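Structure record follows, encoded as structure tokens.
The values are calculated or read from the model by the stated rules, or taken from the named source; none is laboratory data. All values reported here derive from a predicted model rather than from experimental measurement. Here Cβ is always computed from backbone atoms with ideal geometry, including for glycine, and neighbour counts include all displayed protein chains.
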There are 2 protein chains.
Amino acid sequence: MQIANPDYLAVTLRSRRQKLAKLLAGASSATTDFPVILWSGKPSPRNFPHNTFPFRASSHFLYFGGVPLPDAIIRLEGDKLELYADDPDPGSVLWHGQMPSRDDMARLMGADAAFPKAALAEKASDAATILLPDRATRAEQEALIPVNEEMSLQLARAIVSVRLIQDAAALSELRAAAACTVAAHLSGMACTPEAKTESMVRAVIEGVFMANDMPCAYKSIITRRGEVLHNEAYHYPINPGDLLLVDAGAETPGGWAADVTRTWPVSGKFSPTQRAIYDVVLAAHDACIASVRPGVEYQDVHRLACHTIASGLVDLGILLGKPEDLVEMNAHALFFPHGVGHLLGLDVHDMEDLGDIAGYEEGRTRSDRFGLCFLRLNRPLRSGMVVTIEPGFYQVPSILNDPDRRASILSRPPGDDADIINWDILAKFADVRGIRIEDDVLVTADSSEVLTAALPTAPEFIEQITSGGR
Amino acid sequence: MQIANPDYLAVTLRSRRQKLAKLLAGASSATTDFPVILWSGKPSPRNFPHNTFPFRASSHFLYFGGVPLPDAIIRLEGDKLELYADDPDPGSVLWHGQMPSRDDMARLMGADAAFPKAALAEKASDAATILLPDRATRAEQEALIPVNEEMSLQLARAIVSVRLIQDAAALSELRAAAACTVAAHLSGMACTPEAKTESMVRAVIEGVFMANDMPCAYKSIITRRGEVLHNEAYHYPINPGDLLLVDAGAETPGGWAADVTRTWPVSGKFSPTQRAIYDVVLAAHDACIASVRPGVEYQDVHRLACHTIASGLVDLGILLGKPEDLVEMNAHALFFPHGVGHLLGLDVHDMEDLGDIAGYEEGRTRSDRFGLCFLRLNRPLRSGMVVTIEPGFYQVPSILNDPDRRASILSRPPGDDADIINWDILAKFADVRGIRIEDDVLVTADSSEVLTAALPTAPEFIEQITSGGR
């Protein structure tokens, strides 16, 4: 097990649980202080029980436990940390080598005490936990901890409060994930003109992650069909006229994610139509990033993206009318149907296991408007948050070829939409299936810092790197 | 979804279920004919529910259903096939593109009928199934199909009978997995002298899998610590004096596995001691493969490996005595503690989800002897079976540094073992931590064919490829 900054780990973990304890003690609720128990989870079986997927510890465990130990549990009470884990079976040394003992791990984490798993039973009944999505672990959790929805919610909110603001150790990890991801995208750009298929570009990009001993934070999207937002197939051939949309991010061994998208021309040269739309998306990307600072509402960043895209499409003659009216009637969502970004941390959509508790300020809920309903973050930005900024433009056939669907998206009476879309002009942009530009942005004390700034967005740089591969 | 040989698929699937039906009808049991229901399973969550591991359909489903459909079910009755699956949610088109409908899929599989999942409830009560390791699917299975251990066992045995013998479609897939794996190992050898860490070699090897749109059939072992049999860490630096043990295999998009190990010198040149032990393992590998033919007991292949290794170690002066006596007292297991191989098919340990029903001839059980107890296959070989042959030599500290452990492995009274191990000579071989050579072997009508024969085993070829990378 490779641990970055082992000396720093215990100090970081203590500070994190002190923050949590303070929030739990101060929570304005009838419930008094309670211990918190967090499970790391178990490896998930792939096709048979011994052939498991690579183990990924639960993010909450990683945040407060620091080490990706399988099948381990931590109990936090005030600023105390107890580790519950079983020593490796002596027979397993032959198969897995000498693994660190429970006591070794406890020392590394700065735990105050360490016990076998079985000892947890008598220390669990008054505690709160976060249930894991993996059912095998969840069954264990439910057997030990009585359901108490109020305590669970209180715990979830307190964890969100702590994890929303990235501390120095977290930022160091996020920077490492970002740096590896930047290098991977650069290699992907450079290899593209020689690559015959999406999967060949994927091999180069994920190969850079792997060479740095980092897994993918999520299933990469590497596709000539950029209009399929979560495309996870890679077997298509790529052709000189295609754009390749690449959304891929590394995860550090400690579990911290990057999430980056670039879109580049397979040939190394954007066509004039591709370049024109690219510039619209880039304008939105740049405007949004420039707007990020403490106190700004993230939904306003999203609105800015919508407005910039609508305005750019008006300039190109694709949309007709005033940008503000078009945004008002949701016309931008015909081409930009998703949210402008989300929280980033240990999870690529940070803390999304808690539903919208992390993404949405207390009291706010998702819009039912198409497009806006996919916005994953709706909070005022605060210094120390890390968010993605990822506007895009897509020609989605199921939207553009279906008048009823379009009508349902637009907030106005159903009818012909020739008054807002110039279909003849749009037809000239047929070689643009999807473009997205995404960076990872830290909110700083007075503005923001792009963690992935080393990866160019300017089309001429993109062309230079891509065509340089030939 | 990419389907190899779509025209051939329906014909293959029909033939497979006819074989199964015949076995179930002819089973000498009080139970009469019953329908068989097989689940494909669901994607497993990684750190949060929407961030899943890449989906891998259950191997039994893939064998009889042919297509890696998530959350689908097939019902086999006689030679009839019914598909139960829900059409993709219309809203999912935006995220996942236009997916094939249930009817498209049914046509591709040659299904006789297709229904929504809910329709299965009334067709399930008299059926048998194989429970999946994934708990979410298992809960569905258990809710629909009453436990009947006799029927389950009968079904498991019938499936094993069919899947043991690889048909033409299976062989074509196994050859594709083997070919990609051979190419990957060659690239891995060539890149090693330039690589600084295990993970850099891993990136090249798994990069070849990925470029061919094949996942890993299992977590690769790519390690300078070859004595850790299932080592899954990759962060160690590699040094010119090291051997690198690489056990990595690709899986076709249809789910068929390769499983190949080579061990090569990081510098491109074996030291004399590494070469000497390599030759012992290679002699065992070659002798075992030469012995493979129908009718041969696989445990005799294992014994041949044990004998060849013991004999080679006697020749080197590491073991003292007659090879047959040393094997009798289990001395070979001090250095070769695992079995010589296993079944290979859709699973890298084929059908290991059924315990030893696949690996062990009915009536046979695992030995309790150290080493032999890890033998995963104990059946007479038959034409059409595919097995691995993978002898090895390891210096495992937990065995070699622990007199009590050694005594427990040797079948003779405890005591000093200086009469069978020349420790001074063994000490000269300290630069050999672990060597394994593994190929995938098809039992043919009168002998065998090595599916991975294109990957050299001869040390001079290995050196040539590895040092050619510099």
Would a scan of the range A:286-309 turn up a residue that is within 28 Å of the chain's Cα centre (by Cα) and within 16 Å of residue A:410 (Cβ to Cβ)? yes
Residue among A:69, A:94 that alone is buried (at least 19 other Cβ atoms within 10 Å of the Cβ) and in contact (Cβ under 8 Å) with a residue 24 or more places away in the chain: A:69
Test: residue in the range A:325-340 that is farther than 21 Å from residue A:396 by Cβ, part of a loop (DSSP other than H, G, I, E, B) and either acidic (Asp, Glu) or at pLDDT below 95 (or both): no
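Every residue, every condition in (1) outside the structural domain of residue B:392 (by TED's automatic domain parsing); (2) over 20 Å from residue B:296 (Cα atoms); (3) basic (Lys, Arg); (4) touching a strand residue (DSSP E or B) at 6+ places or on another chain (Cβ under 7 Å), yes or no:
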| site | (1), (2), (3), (4) |
| --- | --- |
| B:343 | no, no, no, yes |
| B:347 | no, yes, no, yes |
| B:356 | no, no, no, no |
| B:359 | no, no, no, yes |
| B:366 | no, no, yes, no |
| B:370 | no, yes, no, no |
| B:376 | no, no, yes, no |
Just checking, does the range B:335-342 include any residue being of a type in the set (Gly, Ala, Ser) and surrounded by 22 or more Cβ atoms within 10 Å (Cβ to Cβ)? yes
Given the structure, is residue A:238 buried (at least 22 other Cβ atoms within 10 Å of the Cβ), under 15 Å from the mean Cα position of the chain (by Cα), without any contact (Cβ under 8 Å) to a residue 60 or more places away in the chain and within 13 Å of chain B (Cβ to nearest Cβ)? no
Identity of the residue in the range B:80-95, out of contact with any strand residue (DSSP E or B) (no Cβ under 9 Å at 6 or more places or on another chain) and either away from every other protein chain (no Cβ under 12 Å) or not hydrophobic (A, V, I, L, M, F, W, C) (or both), that ends up farthest from residue A:392 (Cα to Cα): B:86
Do we find a residue being over 26 Å from residue A:16 (Cα atoms) and surrounded by 24 or more Cβ atoms within 10 Å (Cβ to Cβ) anywhere in the range A:168-180? no
When you go through A:195, A:190 one by one, which is the residue that is more than 13 Å from every other protein chain (Cβ to nearest Cβ) and in contact with a helix residue (DSSP H, G or I) (Cβ under 7 Å, 6 or more places away or on another chain)? A:190
For the range A:417-428, does any single residue satisfy the condition of being surrounded by 14 or more Cβ atoms within 10 Å (Cβ to Cβ), assigned by TED's automatic domain parsing to the domain that holds residue A:175, among the aromatic types (Phe, Trp, Tyr) and modelled with pLDDT of 95 or more? no
In the range B:96-141, the residues that are part of a helix (DSSP H, G or I), within 30 Å of the chain's Cα centre (by Cα) and within 12 Å of another protein chain (Cβ to nearest Cβ): B:135, B:136, B:137, B:138, B:139, B:140
Restricting attention to the range A:246-256, report how many residues are within 13 Å of chain B (Cβ to nearest Cβ), under 15 Å from residue A:205 (Cβ atoms) and touching a Gly at 6+ places or on another chain (Cβ under 8 Å). 1
Whichever residue in the range A:228-265 is charged (D, E, K, R) and at pLDDT 95 or above and, among such residues, is farthest from residue A:178 (Cα to Cα): A:242
If we ask which residues in the range A:215-228 are facing chain B (nearest Cβ under 9 Å) and crowded, with 21+ Cβ neighbours inside 10 Å, their number turns out to be 4
With the structure loaded, tell me whether residue A:390 is of a type in the set (D, E, K, R) and more than 16 Å from residue A:332 (Cα to Cα) or whether it fails that test. no
Are there any strands (runs of 3 or more DSSP E) wholly within the range B:39-95 with 2 or more residues that are of a type in the set (Phe, Trp, Tyr), and if so which? none
Residue under question is residue A:353, and the condition is that it be more than 23 Å from residue A:429 (Cα to Cα), within 14 Å of chain B (Cβ to nearest Cβ) and surrounded by fewer than 24 Cβ atoms within 10 Å (Cβ to Cβ); does it hold? yes
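Residues are listed down the side, and each one gets a yes or a no for (1) farther than 20 Å from residue B:56 by Cβ; (2) of a type in the set (A, V, I, L, M); (3) out of contact with any His (no Cβ under 9 Å at 6 or more places or on another chain); (4) not assigned by TED's automatic domain parsing to the domain that holds residue B:269:
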{"residue": "B:141", "(1), (2), (3), (4)": "no, no, yes, yes"}
{"residue": "B:173", "(1), (2), (3), (4)": "no, no, yes, no"}
{"residue": "B:176", "(1), (2), (3), (4)": "no, yes, yes, no"}
{"residue": "B:188", "(1), (2), (3), (4)": "yes, no, yes, no"}
{"residue": "B:194", "(1), (2), (3), (4)": "yes, no, yes, no"}
{"residue": "B:209", "(1), (2), (3), (4)": "no, no, yes, no"}
{"residue": "B:219", "(1), (2), (3), (4)": "no, no, no, no"}
Given the conditions (1) within 20 Å of residue B:288 (Cα to Cα); (2) surrounded by 22 or more Cβ atoms within 10 Å (Cβ to Cβ); (3) over 12 Å from the mean Cα position of the chain (by Cα), which single one is not true for residue B:386? (3)
Could you tell me whether any residue of the range A:122-129 is among the β-branched types (Val, Ile, Thr), surrounded by 15 or more Cβ atoms within 10 Å (Cβ to Cβ) and under 28 Å from residue B:218 (Cα atoms)? no
Any residue in the range B:174-187 that is over 16 Å from residue B:263 (Cβ atoms) and touching a residue at least 40 places away in the same chain (Cβ under 8 Å) sitting within a Cβ distance under 8 Å of a residue that is among the acidic types (Asp, Glu) and crowded, with 24+ Cβ neighbours inside 10 Å? List the pairs, counting only those 6 or more apart or interchain. B:174/B:440; B:177/B:251; B:178/B:440
Those residues of the range B:41-66 which are in contact (Cβ under 8 Å) with a residue 12 or more places away in the chain, within 11 Å of chain A (Cβ to nearest Cβ) and at negative phi amount to B:42, B:43, B:44, B:54, B:55, B:56, B:57, B:58, B:59, B:60, B:61, B:62
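Quick grid of which residues meet (1) at pLDDT 95 or above; (2) surrounded by fewer than 22 Cβ atoms within 10 Å (Cβ to Cβ):
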position	(1), (2)
A:27	no, yes
A:37	yes, no
A:41	yes, no
A:46	yes, no
A:56	yes, no
A:63	yes, no
A:78	no, yes
A:82	yes, yes
A:87	no, yes
